[in-house]
Structure formats: structure tokens, C-alpha cells
Amino acid sequence: MFAVYAAGVDRDDPLSVLKVGELADPITPDDWVTVRVKAASLNHHDVWALKGQALKADQVPMILGTDAAGVTDDGREVIVHAVVGDAEVGEGDETLDPRRSLLSERYPGALAEYVRVPAHNLIDKPAGLTFEEASCLPTAYLTAYKMIEAKSDTRPGDTVLVQGAGGGVSTALIVLGKALGRTVWVTSRDADKRAWALDLGADAAFETGERLPGKVDTVMETVGEATWAHSLRSLRPGGRIVVSGATSGANPPADLNRVYFLQLSIVGSTMGSLVQFRELVDLLERTGVRPVIDRVLPMSDARDAFAAMIDGDLHGKVVLTR
């Protein structure tokens, strides 16, 4: 079948191991369900797989992609939940299953003619969402929703600071933060991205590291080392940092004196559960909010899509269609 896959891993030149073309049909459990992919969106996880951070050399070739929307053999229009795990083991949350994985890690991913997943990993696609929009939800938007609604300890009216405007999760945090009634501040080194964030609905935008006009209730941290000190300084006493990534480095100085003296909380957040995914879809239906898409390309042009993601000059999600 046609697929976009990692033929190897290469930390320095990830595009050199990206292949687009025919691949043998994947082997998955017999009781899983086949979804004909109509649209799939890219995430940095796909680049990390090519670099060998999310994949090992003995796992390739591996079909890439965690996010997709499509149609089952019986005509059901669905969105694919990317987390393959046991909710019972995680006490109702499959992301807490120690053996959980994402599509394209242990099992073949979604950048292909079809993807096979457990039946309970499928959510009905609302008629009001296009396949392209729906394909943006399983990773970036679900991650952002969980960060705000389940991890941030904030209520409508509270102020959240989003570090690093422009990334997939950061964009989702702005859009969903406003839909959930939060005051959203953002930072970016890039003036154009700050202006773009304001156009999306952010209440204020600041230069990275800039002193803020006031303290915030929660910081949404996906950048890591480059913004960590600023995140800690930006919190009110008793405030919280929610961490879902560390793209600039994972080991910043902890500044424990500030943490204990101001009684700050630091919590991790990864993806989201199937229950939270349904809540996210309901929110979009109820509010009319939609994912922000930078570009839509045919899956045959996957190399151009990956190059754009690696270059980083994006304003929203990159979607590939079949």
C-alpha cells in the first residue's frame, strides 16, 4: 500500500530516511478496525521518529503519523485516537498505562492509504468538521485541551502564559484557551508570530523573556530550557507550570529556592484520554472553534510537508490528504 515511512533513522539529516511510496501491508491484531485515511496531520513526533528519538533503528521501516481522520469499511466517518493503551490499567486514563504507545511507535502510523487501530480508538467525526480539520485534533489539540482543562488548575478568567507562539500545541493552547474562557498571554522571539497570535485571539503577546505587566496563574511550557527561568519568574505565588514538551532542552536549572518559597507546582502532561478527546470534539461542536491549518498537501508531497515542519516557518498545522 501507499505510505509515508521511516526507512531508517538519522539524527542529523532526517529527510534522508523519509520514504514515500509502496510498502508491504502492516501487521496488526486481527480484531483491529481498518480506517481508510482521508486526511492526516503532521506533528514534531514524526520528525523525532526520523531522528531516532521516537523510533529505534530496529523498528524501521515504520509508517509515520499519529493523527488521522477517515472512513471505516462500513462507511463510518471517524477520527483516530492516537494513544494505544489500556484505560483500565491507567485507572480510566490510557495515557497512564506504563505500556501505552502512540501510533507509529509500536504499531504502524496513519500516513498511509489506511491505518488499523483498536475499535475503541475511533470517535465519530461530526458533520461540521472537515476531514482536514478533524485530522488536526488527536495530538496537538488534545494535548492542549488536557493541559488547560485537566492540568492547569485554572478557571474562566484566569491568566495563562503560553511560551513559544507558533508551534502546533502553542497554537492550540491559544485557540482552546480562549474558547474555555481563559485570558491568554503568549511569548515569541518573532514579531510576526506575536502579531499572528494576537490575530488568533491572544489577549497579549510579549518578546521571549520580556518582563510581564503582571504575574500569571499558570504557564504552559513546551519549550524547555530556553524559557524555563522566565516561566518560573512569571508565576504568582502558588502558581503552576504545565509541561508537555522541551524542544529547546530538557534539563534547565531547577531554581528550587523559587519553587519552594513561592509554593509553585510543576506538573507534566502527555496527550489526552479518549474521554478527554470526546470532550474536545464536543467543545468544537458547541463553540464553532476550528483548528488552525497552515497548508494542505497531497500525501504524495509528504517530503515538502516534512521540510516545512523542520524549517519551522509554519502558522498552524500541516495536513496531508489522500
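The values are calculated or read from the model by the stated rules, or taken from the named source; none is laboratory data. Everything quoted here is computed from the prediction, not taken from an experiment. Please note: Cβ atoms are built from the backbone with ideal geometry, for glycine as well, and neighbour counts cover all protein chains shown. Note: areas computed on protein heavy atoms with side chains; ligands, DNA, RNA excluded. Shrake-Rupley method; radii C 1.70, N 1.55, O 1.52, S 1.80 Å.
What to note about this one:
- Loop-located trypsin sites (Lys or Arg not before Pro) in segment 80-111 (DSSP state not H, G, I, E or B) with no more than 14 neighbouring Cβ atoms inside 10 Å: ARG99, ARG106.
- Legend: distances between Cα atoms for LYS193/LYS215; LYS125/LYS146; LYS56/LYS178; LYS51/LYS151; LYS56/LYS151; LYS146/LYS215; pairs beyond 27 Å are LYS56/LYS178; LYS51/LYS151; LYS56/LYS151.
- Rounded tilt (10° steps) of 191-200 against the dominant C-alpha axis of the chain: 80 degrees
- Cβ-based net charge around ARG194, under 12 Å, with every Lys or Arg adding one and every Asp or Glu removing one: -3
- Crossing angle, helix 302-311 versus the chain [Cα axis fit, 0-90 degrees, rounded to tens]: 20 degrees
- Other residues with beta-carbon under 15 Å from the beta-carbon of TRP32 carry, at +1 per Lys or Arg and -1 per Asp or Glu, a net charge of -2.
- Solvent exposure of segment 19-144 as accessible area per residue, Å², 1.4 Å probe: 41 Å²
- When peptides 244-252, 44-52 are sorted by average Cβ neighbour count within 10 Å, with the highest value leading, the order is 44-52, 244-252.
- Under 11 Å, Cβ to Cβ, from VAL243 - net charge with Lys/Arg +1 and Asp/Glu -1: +1
- For segment 1-90, the share of accessible area belonging to carbon and sulfur comes to 46 percent (1.4 Å probe, ligands and nucleic acids excluded).
- When peptides 187-200, 78-91, 283-296 are sorted by average Cβ neighbour count within 10 Å, with the highest value leading, the order is 78-91, 187-200, 283-296.
- Cα-centre dipole for segment 64-219 with unit charges at Cβ (Lys and Arg positive, Asp and Glu negative), debye to 20: 480 debye
- Percent RCO, i.e. relative contact order, over the chain, from Cα pairs under 8 Å lying at least 6 residues apart: 18 percent
- Among [x] 1.05; [y] 0.93; [z] 0.96, the entry derived from the coordinates for Rg/Rh (Cα atoms, Kirkwood Rh): [z]
- For segment 4-51 and segment 207-232, distance of Cα centres in Å: 34 Å
- Remark: segment 165-322 carries a charge dipole of roughly 400 debye about the Cα centre, counting +1 on each Lys and Arg Cβ and -1 on each Asp and Glu Cβ.
- Sulfur and carbon atoms: percent of accessible area, segment 159-229 [1.4 Å]: 45 percent
- Note on the chain: dipole from Cβ charges, positive end direction compared against TYR5, VAL289, ALA39; the farthest Cα belongs to VAL289.
- Protection proxy ranking, peptides 217-223, 23-29, 136-142, average beta carbon neighbours within 10 Å, highest first: 136-142, 217-223, 23-29
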